[in-house]
Each structure stands twice: as C-alpha cells, then as structure tokens.
Amino acid sequence: MMAQWTGDLDETGLVRLAELMALKLCRGDLIGLGGEVGAGKTTLARALIGALMGEGRAEVPSPTFSLAQTYETPRLTLTHFDFYRLASADEAREVGLDAALADGAAIVEWPDRVAELLPESRYQIDLSEIADPAMRRLTLRGFGGASLRVGRICELMAFLKRYPRRRGARIAYLEGDASTRSYARLFAADGTAILMDAPIAPDGPPIREGKSYSRIARLAENMVRPFVAVGAALRGAGLSAPAVEAFDLDKGILLIEDLGDRVFTAEVAGGASQSELWRAAVDALLRLRLLPLPPSLPLPDGSAYALPRRDRAAFEIEIELLLDWYWPALKGGPASGAVRAEFMDLWSPVIDRLLALPGGWFLRDYHSPNLMWLPEREGVARVGILDFQDALQEHFAFDLLSLLQDARTSVPAALESELFQHYCAEAAAREPAFEARAFAAAYADFGAQRNTRLLGLWLRLLQRDGKPQYLQNIPRTWGYLERNLRAPALDGLSAWYDRHFPPELRSGTLPG
C-alpha cells in the first residue's frame, strides 16, 4: 500500500510540511530524504527536528561527517543520518540505524544506500530543483502503515492552504487525550489557534449483533459535526466553548479558538482553589439547564445534528468493560457465565431507572482535563469547555457526577457534598418542579454505572492501547464507586462488589 503527493513548495511550505509530519511521527518511523546536493534535504530535516524539539530547539548540524546526530525531543528520540559516504548496509548497522528505529525515529539522507534495511512502513521524500530558484518540487510517499498518515498530512496541508491568514504560522504539537484525535497550536502574528485533527473513525470490529463498541455506546464517528453544532449552542447560552474559525466537516478538520493552557487539572496542581474552580463549573452546568434542547442543531453547511440517546445495549456494553477487562486482569481468567449472569441481573433494574430518566444536555466528558480556567472573563464564561462532541440527550445529573467524581483528579467527599447541595438548591430556586431526592437517586445510579465502566476502561487502555498511565486512576475510581454504592437502591450491587472485589483488589496493583 502506498500513498503519494507531489507539489512545488517554497521554504515556508517545506517548513509547514515538516511541522505536519512531526505531528504524526511515531516510534519506529523512518523518513528517507532523496535528492541531489542543494535540493533542500537539510532544510527539511532541520525543520522537522526543530518542530519536534519545540521550545527546546537546538542547533541542528549536518551529519555529513559524523554520519549520525541524535536529538532527545519531548515526544521521542530522533536520529538524523547521512549515508552518502557509506559503502554497505553493514556500515549503517554499525552507526546505529537498527537501534535508532527500536528506540525512536530516524531521518535518513541518501536512503538508497541502505535500501535492504528500510522498513516496509516508511516515508520517502524526494526533492528536486525547478526553474524558480526559491521553490522545490517535492514528492512525498508513504509505504505500508505510513500511507494513511501521508494521506492525512496532505489533507491538512490543503486545508491550511485555503486560509492565508495562517500561512506563516508555526505549528506545534499539543498533547492529546485517550482518543484518536490530535491537536496542534498555530502561532501567527495576530495570535494563536488550535488545529483539531479528528479523522472520521472507521467502525471497529463487530462485537455484538453486527455492531462495533463505538456504535453501541453512541460514540461519535465523525466528531467535528457534533463539536461544531453543540459548541454553537453552548456559546449561544453564554458558555465558553471554542469558536470555530475554519472547518472541513467531511474530512474532520477544524481550526478553533485557543482557550489557552490553564486546564483545571494543572491549576489545582499549581495551588489554585479547587473549590472555586469546581463551583464555577457547577454554575456553568446550572446555566446549561436553562438552554432548551431542540430536536436538532444546525450546522454551517445547511445540515443538522440531533443528540443521540443511549439505549439498554449502550449502558450494558459500558458496564461489561468491568468483566471483559478488569476481571481477567485481576483474577487471571474470564468471568464465568454464572458470574456474568448475576452481574447483569443486578444491573437490570438500575438500567431500567436510567432509561426512564427525562432527557437534557449531557456533555459526557465534563471533567477537569476538558475544562479551562478563563479568569479574564465574567461569570459562567470563566469556564472554558473543550470536549463535547460525544454529547447525548440524557439526564442533567450525569454531567454533575462527571465533574464531582472527576476521573482524573480527586474530589474530596466534603467538597462533592457541598457542591451537590449548591447545585440542588440553585436548581430548586429556579425550577419549582425540581425534586432533589429523585436527582440524588439518578446521580447515584449513574455514578455506579460510570465508575464501573471506568474500571474496565483503565485496563483496556493498558492492555489494548498500551497506555499504562491510566492505572493510577483505579484507586480513585474505586473510592467514587464506594460512595455511589451507599445508596440504598444499590445494596445488591454493593454486596456483589464486596464479594468479588474486596479492598485488597482495589489498589490498582495488578498481579505479577
């Protein structure tokens, strides 16, 4: 499999291509640079290394004489090779090509000298001079697994070319999340913007009744359409969702407002008042109660988007993550049919109650990694909201639970109780029909369901996706689940968890 793109680029264009490639570069990647002396290989290599180095940019000498120069970048180790003077592939091994690919990524000038060592999945860039001395003709090829990334880089290049205001902007990688989306910050003379790269997710393998997990769980496959539609509704209500500067709804690319770096998680770690930030976020949810939920939300291309609602299968597949991933990791084998049947029987009345709840706005990932502190703004606009493309038509208690039982940052039980009471008091004052007892029951039911799902998700992220950092959330998640299971309506489930997962199995430490 191979993808190819050819174009004529000036130095600014070469740098932009290098910066976009830097966003996609992974461990094990090799970028071959071909072309005669003076064609621009070193310019492109320096731009790529500089993009990966970011603010820690260093001098980038040519490896002509040393044969190899290694750079420790924030994301990976990158080695720049020049094999012009090599007589054999064995010499490439001697200077560390195999080790460089095992430990990081490599840029290789004159890759034809070591053709037999090139991996099946790789990039190849060939440069040549043309009549205009300020331009270079560039052909980018992606082989094997790199072909899809080459296709995406070309789509991003074409998207940004349509917006000359951002032509000279420097592109810098931003740390993403547990999803397939990626982000970059664009630095231009008139300010910054965020490039959201959210390719339409291919449907995963069918796991039940011919449907994938994402389809059953009501996760958006084209993320930018709901992001644009829901974001416009939030801004219309006076909330701070990023404004959209440019978009390609079909290809999944957005250029959006940059809300800065003051993520709630980092603010608390830096000493900010958690109580102040979380109360502001609660007040934003109270504002959301005042926003009517229309049958559909308009999109700028004339189409519309309607918030979906989960059915029984969606709730079930989420709680079954505990049995599918957490149970075998802790107990060394799959849950028996009897265990699974008892588990699902206990959950059945809880899911009945969740399905019977009235609908409203549920942004779904309303917690500290997706909330920004904007103290220069007023009132509820001080809370920047980043992640809402998986929003659903569900009960209002669900977002409050996501915030007050934050999966990534511990919320003390006393603060949870204080802010829960604040929410209920304010809602009751505005809405005579608000019933605090029914709201608390929905909050506990959803809390048990959400935290059960998260326990399975943390293990899936480790075992399927190779992301061990999420294991640190397990003790916190168990702590929240224990709070939810104190609700009298959840006594049966509480006893099941106590029997199968006693305290010694709730630490986050895996056997072996």
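The values are calculated or read from the model by the stated rules, or taken from the named source; none is laboratory data. Just so it is clear, the structure is predicted and the values come from calculations on it, not from any experiment. Please note: Cβ atoms are built from the backbone with ideal geometry, for glycine as well, and neighbour counts cover all protein chains shown.
Can Val282 be described as in contact with a strand residue (DSSP E or B) (Cβ under 7 Å, 6 or more places away or on another chain), modelled with pLDDT of 95 or more and outside any loop (DSSP other than H, G, I, E, B)? No.
In segment 65-77, how many are loosely packed, with under 13 Cβ neighbours inside 10 Å and either touching a Lys or Arg at 6+ places or on another chain (Cβ under 9 Å) or modelled with pLDDT under 75 (or both)? Qualifying residue count, segment 65-77: 1.
In segment 416-450, the qualifying residues are those that are among the aliphatic types (A, V, I, L, M) and in contact (Cβ under 8 Å) with a residue 12 or more places away in the chain, and the one that is surrounded by the most Cβ atoms within 10 Å (Cβ to Cβ) is Ala448.
A quick yes/no check of all residues on (1) over 24 Å from Phe65 (Cα atoms); (2) at pLDDT 90 or above:
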{"position": "Ala92", "(1), (2)": "no, no"}
{"position": "Asp98", "(1), (2)": "no, yes"}
{"position": "Ala106", "(1), (2)": "no, yes"}
{"position": "Glu109", "(1), (2)": "no, yes"}
{"position": "Asp112", "(1), (2)": "no, yes"}
{"position": "Glu116", "(1), (2)": "no, yes"}
{"position": "Ser121", "(1), (2)": "yes, yes"}
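The set of residues in segment 399-418 that are of a type in the set (Asp, Glu), touching a Lys or Arg at 6+ places or on another chain (Cβ under 8 Å) and over 13 Å from Leu371 (Cβ atoms) contains only Glu416. Taking the criterion of being farther than 14 Å from Ile385 by Cβ and part of a loop (DSSP other than H, G, I, E, B), the residues of segment 259-279 that qualify are Asp261, Gly270, Gly271, Ala272, Ser273.
Mind listing just one residue for me: the one in segment 107-129 that is assigned to a loop (DSSP other than H, G, I, E, B) and more than 19 Å from Ala47 (Cβ to Cβ) and, of those, farthest from the chain's Cα centre (by Cα)?
Within segment 107-129, the subset assigned to a loop (DSSP other than H, G, I, E, B) is 110, 118-121.
Now restrict to residues that are more than 19 Å from Ala47 (Cβ to Cβ): 118-121.
Working: Leu118: 31, Pro119: 28, Glu120: 28, Ser121: 24 Å.
Checking each candidate, the answer is Leu118.
Residue under question is Asp10, and the condition is that it be surrounded by fewer than 17 Cβ atoms within 10 Å (Cβ to Cβ) and either farther than 30 Å from Arg162 by Cα or out of contact with any Ser or Thr (no Cβ under 6 Å at 6 or more places or on another chain) (or both); does it hold? Explain how you work it out, then say what you get.
On the way: surrounded by fewer than 17 Cβ atoms within 10 Å (Cβ to Cβ): yes; either farther than 30 Å from Arg162 by Cα or out of contact with any Ser or Thr (no Cβ under 6 Å at 6 or more places or on another chain) (or both): yes.
For Asp10, the condition - surrounded by fewer than 17 Cβ atoms within 10 Å (Cβ to Cβ) and either farther than 30 Å from Arg162 by Cα or out of contact with any Ser or Thr (no Cβ under 6 Å at 6 or more places or on another chain) (or both) - is met.
Per the listing Glu11, Glu36, Glu59, the residue uniquely farther than 26 Å from Ser128 by Cβ and over 24 Å from the mean Cα position of the chain (by Cα) is Glu59. When residues in segment 451-472 are screened for being over 19 Å from Leu323 (Cβ atoms) and either of a type in the set (Phe, Trp, Tyr) or assigned to a helix (DSSP H, G or I) (or both), 3 of them pass.
May I ask you to list the residues in segment 81-106 that are surrounded by fewer than 17 Cβ atoms within 10 Å (Cβ to Cβ) and within 33 Å of the chain's Cα centre (by Cα)? Give the derivation first.
Step one: of segment 81-106, the residues surrounded by fewer than 17 Cβ atoms within 10 Å (Cβ to Cβ) are 84-85, 87-91, 93-94, 98-99, 102-103.
Scanning segment 81-106 gives Asp98, Ala99, Ala102, Asp103.
Pairs only if they're at least six apart or on different chains, beta carbon under 7 angstrom, first in segment 337-359 and more than 24 Å from Tyr326 (Cβ to Cβ), second assigned to a helix (DSSP H, G or I) and hydrophobic (A, V, I, L, M, F, W, C); list them, first residue then second. Filtered contacts from segment 337-359: Leu357/Ala442. Any residue in segment 484-499 that is in contact (Cβ under 8 Å) with a residue 12 or more places away in the chain, within 31 Å of the chain's Cα centre (by Cα), closer than 19 Å to His367 by Cα and in a helix (DSSP H, G or I)? Checking segment 484-499: at least one residue is in contact (Cβ under 8 Å) with a residue 12 or more places away in the chain, within 31 Å of the chain's Cα centre (by Cα), closer than 19 Å to His367 by Cα and in a helix (DSSP H, G or I).
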